[in-house]
């Protein structure tokens, strides 16, 4: 995996439907246990990457929430899937704090898509 993500806690993402359907809204159930406290100032990014795909979609992690480190969480997101997906693409879901620290991530590859070769290729706010 990309170097910047090697030391980041893995989160789980369940998709409904799975696989996603181009041009439709899908449900992403994001869950895990993070090593850091987080509040509603943290954000989840959903990034479809590959040929001709848009910028990441930004979601406020939760409204009015506060989770302590090592406390399990589960959040449901309605995510619009791009209307055109190539045979190969990737989906990355990652959580960042308000300080842009990585708190957790998950990545799935479809077809022959390969992960970005280095962190600079990821559309991640820095």
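The values are calculated or read from the model by the stated rules, or taken from the named source; none is laboratory data. These figures come from a predicted structure and were not determined experimentally. All Cβ positions, glycine included, derive from the backbone under ideal geometry; neighbour counts span all protein chains shown.
Of note:
- Residue among 63, 68, 51 that alone is exposed (fewer than 11 other Cβ atoms within 10 Å of the Cβ) and over 16 Å from residue 9 (Cβ atoms): 63
- Here segment 98-125 is the region considered, the condition is being in contact with a helix residue (DSSP H, G or I) (Cβ under 9 Å, 6 or more places away or on another chain), assigned to a loop (DSSP other than H, G, I, E, B) and within 27 Å of residue 60 (Cβ to Cβ), and the residue that is modelled with the highest pLDDT is 115.
- Subset of segment 52-96 (residues that are more than 18 Å from residue 17 (Cα to Cα), in a loop (DSSP other than H, G, I, E, B), touching a residue at least 40 places away in the same chain (Cβ under 8 Å) and in contact with a strand residue (DSSP E or B) (Cβ under 6 Å, 6 or more places away or on another chain)): 56
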